[in-house]
Structures are given as C-alpha cells and as structure tokens.
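Scroll down for the structure; my scribbles are underneath it.
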Amino acid sequence: MAVIRGSMPSFELFQPTSVDAALALIGRHGAAARILGGGLDTFDALQDRVVQPAALVDLGGIAELQGIREVGGGLEIGAMTTLAEIARHPIVQSQFAVLARAAGAVGSPQIRNQGTLGGNVSQSTRCWYYRSGWTCYRAGGNSCFADTPTAVNREHAIFDLDRCVAVNPSDTAPALVALDAQMVVRSSRGERVVAAEDYFLGPDIDITRMTILDAGDLLTAIRVPATWAGAHFQFEKVRDRKVWDFPLVNIATAMKMSNGIIRDIRLVVNAVAARPRRLHEVENAVRGKPRDAATATLAGELAIKGAQPLRHNTYKVALTRNLVQRAIRG
Amino acid sequence: MVSRRSFIKGAIAGGATVSAASYLFRNSGAALGQAPAPGAAERLLALNVNGQLRHVDVPKEETLALTLRNRLGLTGTKVGCQRAECGSCTVLIDAVPHYSCSVLTHSVRSRQIATIEGLASPTGALHPVQQAAIDQQGFQCGFCAPGFIMATVGFLKTNPSPTRDELAEGIAGNLCRCQDYDKILTAMMSAAEHARRS
Ligand SMILES: Cc1cc2nc3c(=O)[nH]c(=O)nc-3n(C[C@H](O)[C@H](O)[C@H](O)COP(=O)(O)OP(=O)(O)OC[C@H]3O[C@@H](n4cnc5c(N)ncnc54)[C@H](O)[C@@H]3O)c2cc1C
Ligand code: FES
Ligand code: FES
C-alpha cells in the first residue's frame, strides 16, 4: 500500500530520438522501464507509487511518432500526436468526426495539449482503490476492494465483471474501435498490427494490464482506414463536470444510412467494463432496420442485456440504454 | 521590512548557491553523485525561459513548476494541486498552454518557456491581458491569476477574436476558488479586445 504520496520518486530518464533507439532501451530494461508519452497518466501513478519504474523512456524527442499522415483515404496517426492536434485536424474533423469529438472531450485544454493518442488508449484504469496503492487483484493481490458490500463503486464496471471491477476510462478508445482502427505495435522482434477492438484486455485474459502491450512493446501509430470516412458519427460523454472528469459512460457511433435504413453500424461504449465494449449484438439487430423509435428501443434493451451493476452504479445501466437509444434515434 | 515574497526569493537564492556548490563538488571528483547511465539524460541543462537561457542542475524527476519556482526564483507560477487538476501552474511551452506541474523539466530542454514574469515589456508596460485583469478587477485573491492569464495569452494566439463561449471553453482548464468565473471571463474578454487593439 502506498504510503508516500504527492512527490515524484527518482528514476533514470532516457530521451531517445528514434524508434529503434527507444526499442533498444525498452528491450534492455524490460519490465523495469516505462514508456513516457505526455505523462498525464504516468505522473499520477508515479506520485502514488502505483508503479515504480527504474527508468522512463521519454518518446517526446522522436519525430517519426508525431503527426497525422493521409494514407489511401485513411489516416495514420503517430502515437505521440497530441489530442489537441487530432481534435482540430481538418480531415479528422470532416471525415472521422467521432475521433475529433472524442479527443476534444478529454480532460481539459492543457491536458489535450500534452496528452497523446498513444497514451490515451494505453492508459491504466482510474479505479481509486488500485490507484491509491491497495493490493488488489490488478496490483498482484487477491481481492477487489471496489466490490465489497461497503465499497464506493459509482464509477466502476457493470459488464464482464471478473474479480476486478475497474473500467477503461479512455475517451478515444471507443471512437477508434468504432472506426475499425488498427494499432501498429513494434518491439525488437518486429512489427504487428492489431485491430483496435483486440488491443484492449479484460480481467478474464489478464487482470494486471489493460492492453496487449507487453514489456518491450511500443505503440508507434494508429491507422484509421477509409472504411467509415464521412459516415454519420456521434460521440457522447456523460461526466460529472464538463472539464477534467473522466466518462461515467461514453459512446461512439459510426453509421452508414441509405433511404432511412441503417446499412452498417458500429456502436462502442466505454467506462462500463475493463475494455471498450463493442455492441455486436445490437449492431446485428439494427442492421437493415429503419432509424426510428422502435429500432432505438430494441437497441437500448439489447445493449444492457447481462449488465451486473454494483451497489452504487445501477444508474449506468439506464445511462447505457438511453445513450444507445439516442445514438440510434439521433 | 522583509516581505513574504522577498523572504521566499532570498531562501531560493541561498538554495541556488548550495546546489551550485554541490554541483562543483561532484565535478571535483568526489564520488557523491552517480554518473548517469550510458545514454541517459544529463542533469545539467540549459532552459530557455522568457527569452533567456538559464543553466540549471535538475534531477530527472523534477517538474517544470518546481524548477521555475525553486531553482529560477520565478514564483509567479503557482502550484495548487500538482496533479493536472487546477491550472494554477499554467505556462506556455512553444506558445501552447501546459500544466508545468505535470511536465518534466528535462523534456522541455529545447523549447521556449514563457511564464507570467515574462509578459510585461522590459520597460514595465503590462501585457494587455495583465492590464485587463487589473482594469476589470478580474481576480480576488489572485492565486489563480497567473495560470488564467497564461492560459488566456496562449488561447488568444490560436483564436484572437473568440466569442465568450469559445473563450470560456478555451480557458476551462483553470480553476478559481474565490472570484466568480463570470468576472474572470469579462476581464479576459476585454483582454482579447485590448490585445487586438495593441
Ligand atoms: C486530471 C486528468 C483528467 C483526465 N481526464 C481524462 C478524460 O476525461 N478522458 C480520458 O480519456 N483521459 C483523461 N485523462 C487521462 C490521460 O492522462 C489522458 O487521456 C492522456 O491522453 C494520456 O496520454 P499521455 O500521453 O499523457 O499518457 P502517458 O502517461 O504518457 O502514458 C499513459 C500510458 O501509456 C503508455 N504509453 C504511452 N505512449 C505509449 C506508446 N507510444 N507505446 C506504448 N505505451 C505507451 C505509458 O507507458 C503509460 O502506461 C486525464 C488525466 C488527468 C491527469
Ligand atoms: S498545480 Fe498544476 S494543475 Fe494544479
Ligand atoms: S481569485 Fe482567488 S482563486 Fe481565483
């Protein structure tokens, strides 16, 4: 359990200027090293001693990880591109607006000026038991302090509970899943490309991490294919305050319509489970249906099938249902 | 009379001598400090702050807010939360507002840093945003003012003629605990107008 809080621990700092040099460093230091993007998830975790890396590898000096490139009607976004840059990018705004809105809904202006897309999708959970240093499952212990009769768990999961009830709090993650984005991951062993949907892990697969990133892995870019360019998009985020607060529930929708009929759709909800939840069943049920109140009602009910609310987060069930209804109804 | 401000500045100056002395001490061969691991960042760095190059000896884990305040004596930058949650530490890095409590000093080595101390002209004329804050009595205790002013200066560079709503959103990353936000917004809107005219 963390005892020292509010001051930064000491660490060695590496500032490579190429991906190869960064890979060599994280390969050499293994689990003792931690990657530093904008640092807005990392510094809190360091100050609370949730993680205690011997070395930080700062990616800020690597030009090849920066910026947004057009590739075949889609985009390749360097992992170190800031959320502010994504939110104001003309093509992201005009063709992939769901991502622009999601990036623009993160934290505060200063957080978006510094926080990166790579860091936003790779961030850890904000479960405060875990983030306060309690030795829970996620921290290698054998209990979940957020799932006891007296636990304060208003922000926690309602789906796929498996010992740990923490949620993935990212705003951009559901947008990227909705866009069928691909994550480009490199390590000293080579490059692999993973669908955004498969980038995130639930506790059933690995209770100690939120993504497939292993020690030695670097997320170099996020590819947004042309598939959904110019589709009908929606992004909604419900939170306590308009600034700073993480989503209680957020939802990203991409939809292709013709003659009032939903031809294809992606519906992805986050902050309700340990990973962004793509609503496959709902998507299948509404494909080919008119975009009307009846379809919306059906979608809303299907979306909450199997929900297992905790003591203080029953509201998330109604919220999820209503957000899905609204996404369909428009 | 010793004011609180001059006392703090004196203490910082004293500290600076000590750290400079210990730096020399290390370089004289006494095995006090460890040599950085191969390829790791050097502790000694040059920072460009308000147009001046300042040489400082900074631990890897130190944040910019602490370097500015404790090593460079620039105590205009305030530290409220140290968690990216209040905005009082806002400075400009390459003209863009950042929370200096959540930036490692070593990561801004080759960047231009601007703090509240650098806003006024060398002749002492206040920056239009500072002047508007005074004219409109934009702040009460003033603790949040340097952060708000830097956030506004940065925002106005990207949008010199904002609507009130746009400005409210642009400087939403700053908290105030005693003035009313409406008054701050009025002052900052009038600042935008001053800035456009000057
Ligand atoms: C006050 C506050 C409010 C916030 N509000 C929100 C919010 O509303 N919505 C939201 O989504 N987030 C929010 N965040 C969380 C988060 O800080 C930001 O979303 C930000 O985008 C994280 O990016 P970063 O680059 O700063 O992360 P970092 O801290 O640098 O990185 C986060 C994690 O990802 C890893 N990582 C970073 N880059 C890479 C890479 N290229 N390859 C492999 N691993 C990598 C790091 O090792 C670390 O584990 C908030 C944070 C704070 C402090
Ligand atoms: S002190 Fe930096 S945001 Fe509060
Ligand atoms: S004027 Fe006192 S905190 Fe803002």
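The values are calculated or read from the model by the stated rules, or taken from the named source; none is laboratory data. Owing to the predicted nature of the structure, the values given are computational and were not obtained by experimental measurement. Positions of Cβ are backbone-derived with ideal geometry, glycine not excepted, and every protein chain shown enters the neighbour counts. Accessible surface areas use protein heavy atoms only, side chains included; no ligands, DNA or RNA. Shrake-Rupley method; radii C 1.70, N 1.55, O 1.52, S 1.80 Å.
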Completion exercise
Among A:T148, A:T81, A:T211, the residue with the largest mean-square fluctuation in a Gaussian network model of chain A built from Cα contacts under 10 Å is A:T148
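Summarise the partner chain shielding of A:109-121 as one whole number: the mean count of Cβ atoms from other chains within 10 Å of each residue's Cβ.
Averaged over the peptide's residues, the number is 5.
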Exercise for the section: Please name which of A:A32, A:L13, A:V57 has its Cα lying farthest along the dipole of region A:13-61 towards the positive end, using unit charges on Cβ (Lys, Arg +1; Asp, Glu -1) and the Cα centre as origin. Expected result: A:A32
Practice task
Select from A:A303, A:A173, A:A24 the residue whose mean-square fluctuation is largest in a Gaussian network model of chain A (Cα-Cα springs shorter than 10 Å).
Solution key: A:A24
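Once you sort the root eigenvalues of the Cα gyration tensor of region A:191-328 as a ≥ b ≥ c, which label holds: rounded (a/c under 1.5), prolate (a/b larger than b/c) or oblate (the other case)?
Working: a/c = 1.84, a/b = 1.23, b/c = 1.50.
Oblate, since a/c reaches 1.5 and b/c is not below a/b.
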Exercise for the section: Give me the accessible area of A:K289, 1.4 Å probe, in Å² rounded to the nearest 10. Expected result: 80
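Could you sort A:127-139, B:52-64 so that the peptide with the highest average Cβ count within 10 Å comes first and the rest follow in order?
Those peptides, ordered most packed to least, come out A:127-139, B:52-64.
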Exercise for the section: Would you mind calculating the relative contact order of chain A from Cα pairs under 8 angstrom and at least 6 residues apart, reporting the percent as a whole number? Expected result: 17
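Give the relative contact order (percent, whole number) for region B:66-198; include only Cα pairs under 8 Å separated by 6+ residues. Before the final figure, lay out the partial values.
On the way: 203 pairs, mean separation 36.6, N = 133.
Over region B:66-198, the number comes to 28 percent.
Per residue of B:172-179, count partner chain C-beta atoms within 10 Å of its C-beta, then hand back the mean as an integer. Could you put the intermediate results ahead of the total?
Working: counts 8, 9, 4, 3, 0, 0, 0, 0.
Whole-number average of other-chain Cβ neighbours for B:172-179 is 3.
If you count, for every residue in B:82-94, the Cβ atoms of partner chains within 10 Å of its Cβ, what is the mean?
Numbers: counts 6, 6, 13, 6, 2, 5, 0, 1, 2, 1, 0, 2, 0.
The mean count of partner-chain Cβ atoms within 10 Å per residue comes to 3.
So, for region A:13-61, what is the accessible surface per residue at a probe of 1.4 Å, expressed in square angstrom?
Working: 1620 Å² over 49 residues.
On a per-residue basis, region A:13-61 sits at 33 Å².
Quick one: net charge around A:R275, please, counting Lys, Arg +1 and Asp, Glu -1 for every other residue with C-beta under 13 Å from its C-beta. Intermediate values should be presented prior to the final figure.
Numbers: positive: A:R209, A:R277, A:R278; negative: A:D160, A:D162, A:E197, A:D198, A:D204, A:D206.
Counting the neighbours of A:R275, the net charge comes to -3.
Go through A:S94, B:S102, B:S110 and list them by solvent-accessible area, largest first, probe radius 1.4 Å. Kindly include the intermediate steps, with their values, before the conclusion.
Working: A:S94 75, B:S102 5, B:S110 110 Å².
My answer, sorted largest first, is B:S110, A:S94, B:S102.
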Practice task
At a probe radius of 1.4 Å, figure out the A/B buried accessible area, summed over both chains, and give it in Å² to the nearest 100.
Solution key: 2300
Handout entry: With every protein chain in place, the protein assembly as shown: carbon and sulfur % of accessible area (1.4 Å)
Key = 53
Practice task
Determine, for each peptide in A:82-93, A:61-72, the mean count of other beta carbons within 10 angstrom over its residues, then list the peptides with the highest first.
Solution key: A:82-93, A:61-72
Practice task
Grab the protein assembly as shown and count how many Lys pairs have their alpha-carbon atoms under 25 Å apart, sequence gap of 8 or more, or different chains.
Solution key: 17
Handout entry: Packing-based ranking, highest mean first, of B:152-165, A:246-259, A:103-116, B:116-129 given that Cβ atoms within 10 Å are counted
Key = A:103-116, A:246-259, B:152-165, B:116-129
Handout entry: Dipole of region B:119-198, positive direction: furthest Cα of B:L119, B:A133, B:G170, with charges on the beta-carbon
Key = B:L119
Problem - region A:13-61: radius of gyration and largest Cα-Cα distance (Dmax), Å - result: 10.5, 31
Practice task
Assign one of three labels to region B:115-190, namely rounded, prolate or oblate, based on the Cα gyration tensor with a ≥ b ≥ c the square roots of its eigenvalues; rounded applies when a/c is under 1.5, prolate when it is not and a/b is larger than b/c, and oblate otherwise.
Solution key: oblate
Practice task
Before rounding to the nearest 500, sum -39500 (n - 2.57) across all DSSP H runs of length at least 4 in chain A and divide by the residue total; then give [θ] at 222 nm in deg cm²/dmol.
Solution key: -7500 deg cm²/dmol
Handout entry: Hydrodynamic radius of the protein assembly as shown per Kirkwood, over alpha carbon pairs, in Å
Key = 24.6
Practice task
Please work out the C-alpha center-to-center distance from region A:155-220 to region B:162-178 and express it in whole Å.
Solution key: 34
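In what sequence, largest accessible area first, do A:D240, A:D162 appear using a 1.4 Å probe? Intermediate results must be reported in sequence, preceding the final value.
Working: A:D240 90, A:D162 50 Å².
Correct descending sequence by accessible area is A:D240, A:D162.
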